[in-house]
């Protein structure tokens, strides 16, 4: 299913070869005190992704649905003084407790593709979220995505655990 969907994303003629280093994988996990369904929704709906997704060195980012393919999303990245960049993705529910992002970005005329797997495990009062980002292209990319996912999942936890304050009326 993932392989079939990757073919639909874009032409592979400018795809780079994956980094062969030992650590071309990023692993991050976080425990979140929130309902499983709320977390899953925040992970799958592009309009909610920009509440928690953060990227090092960026001024802001915007996430929106991408109409070219089912489950698709686009992340527009704005950094001070630089040309905006775009990451295209697709969100697939691969199991009841697991989703995958097919991640695609263009850099220097080459298209880099990778896969992000997110697995939720529900507990009595919290969920644990385990993330694995496979198929990264360089050690610098591994380090950048490691920081990005760590900061993003911490922000997701903060968003999910925040309790709206009641407005007291006089």
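Quick one: would you say residue 99 is over 17 Å from residue 62 (Cβ atoms) and surrounded by 18 or more Cβ atoms within 10 Å (Cβ to Cβ)? Yes, satisfied.
The number of residues in region 118-156 that are out of contact with any strand residue (DSSP E or B) (no Cβ under 9 Å at 6 or more places or on another chain), at pLDDT below 95 and surrounded by 15 or more Cβ atoms within 10 Å (Cβ to Cβ) comes to 1. Screening 104, 47 for residues that are over 10 Å from the mean Cα position of the chain (by Cα) and more than 21 Å from residue 151 (Cβ to Cβ) leaves exactly one candidate, 104.
With respect to the conditions (1) closer than 16 Å to residue 44 by Cα; (2) part of a strand (DSSP E or B), residue 160 lacks only one, and its number is (2).
The values are calculated or read from the model by the stated rules, or taken from the named source; none is laboratory data. Only a predicted model underlies this, so the values are computations on that prediction, with no experimental measurement involved. Positions of Cβ are generated from backbone atoms using ideal geometry, with glycine treated the same way; all protein chains shown enter the neighbour counts.
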